[in-house]
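Worksheet for the structure shown next.
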Amino acid sequence: METFSMQLLSRLDRYVGYEILRIFAAILVILTLILVGSSLIRMLRTAASGSISPDSVLTLMSLELLRLSGRLVPVAFFFATVMALGRMYQEQEMTALFSSGVSPYRLFKIVGIVAIPMVIATAWLVMVIYPSTGRVSEHITTQFRDQLLLSSMEGGRFYESNKGSLVFYAETSDIDTGELANVFLHQRKDDGTITVTVSEKGTHQVDEETGLRRVILKDGHQYQAVPGAIETYQVDFDEFIITVNRPPPKERRIRLRSVDTTELLQMPDRDARIEFETRLVFPLSVVAFGFLAVPLSRSRVRQSAYLRVLLAVVVYVLFTMLTNSAEKWVEKGVTPLWMGVWWVPALMMLVVGLLLALDHPASRKWWKRYV
């Protein structure tokens, strides 16, 4: 009899696990198709604006799909578990199992076993693939922008940067050597000050570490004035250096997303810590979502099958909002650094424990007696 019970439980593990994985594969395909469509539209729009090369659209879209695939696994596993167990409740399979002596807590063990490969896959995608594909995408985009900048800095053409605050012109330009002749620079600062710089010769070069393009002018003059004011200032210089493609203030945060996870752990600053915990949230959320799906999937026979799915959508939206808010709160100093982002999946596990406590026979007996 004991051997038969073990065989029954083993078959039960395989059966429930197969149902979850079957629905998981279908949901993952659907989410992937949605992601491919949205990424393709965004890439085509970016290519039309001239920010990326049209030839690299498919490559960048594939890299974007790999980067975000680790974020699709937790949500697909969550909905698959809710739908698989919910179907078993609807068709009274759970009633038959529980009446035959199977404990409701057995479902947590089954879901936990199925979640193990999900956690490993998500950790690999988020911790390894996410930053490496980000670096490749950034290299392709930067390379195209650098080529575009080189072509725009040809002699006899005006080049505009930083939303028109900087205008560059060179009468002649040698792309191979970087030599410039008869250079004109017009700068407009935030306070309204206008600076005009002229030089008979100069060079332009790219910093390989930062990707910034610098123009170095030799033996020139600079004139500075404020609109409406009478005074003007003139400065003669032997050498003048200016960056013509300075990145926006959020560039550091973008670059952190392309840093290896091992390097993030060695960085002492706040931004690196936030980026690491943001990556760590997704493999942790696989377990939290899986366990939360067990009590969430419970339903009566006559209840709508879509009710639990709708509730799962609300839970996932709340998870996304809390994760994004937790990240911003740490960045702004609203919450301490030690609190980070990890508390979001921990809160989900706390909710699971609370639901299990409320479902305990003693709790239900107390509820009927006093409430």
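The values are calculated or read from the model by the stated rules, or taken from the named source; none is laboratory data. Keep in mind it's a predicted model, so treat the numbers as computed, not measured. Virtual Cβ from ideal backbone geometry, glycine too; neighbours counted across all protein chains shown. For accessibility, only protein heavy atoms count, side chains too; no ligands or nucleic acids. Shrake-Rupley method; radii C 1.70, N 1.55, O 1.52, S 1.80 Å.
Looking at region 141-150, can you tell me whether even one residue there is at pLDDT 80 or above, of a type outside the set (D, E, K, R) and open to solvent by 60 Å² or more (accessible area, probe 1.4 Å)? Steps first, answer last, please.
To start, the set of residues in region 141-150 that are at pLDDT 80 or above comprises none.
Scanning region 141-150 turns up no residue that is at pLDDT 80 or above, of a type outside the set (D, E, K, R) and open to solvent by 60 Å² or more (accessible area, probe 1.4 Å).
Report whether or not residue 96 is closer than 21 Å to residue 25 by Cβ and aliphatic (A, V, I, L, M).
The answer is no for residue 96.
Among the candidates 293, 288, single out the residue that is within 18 Å of residue 125 (Cβ to Cβ), modelled with pLDDT of 80 or more and in contact with a helix residue (DSSP H, G or I) (Cβ under 8 Å, 6 or more places away or on another chain).
Working: 293 fails: within 18 Å of residue 125 (Cβ to Cβ).
Going through 293, 288 in turn, the sole match is 288.
Select from region 84-95 the residues that are modelled with pLDDT of 85 or more and open to solvent by 40 Å² or more (accessible area, probe 1.4 Å) and list them in ascending order.
87
How many of the residues making up region 124-139 are open to solvent by less than 40 Å² (accessible area, probe 1.4 Å) and not hydroxyl-bearing (Ser, Thr, Tyr)?
6
Report yes if residue 228 is surrounded by fewer than 12 Cβ atoms within 10 Å (Cβ to Cβ) and either at pLDDT below 75 or not in a strand (DSSP E or B) (or both), otherwise no.
Here the answer is yes, as residue 228 does meet what is asked.
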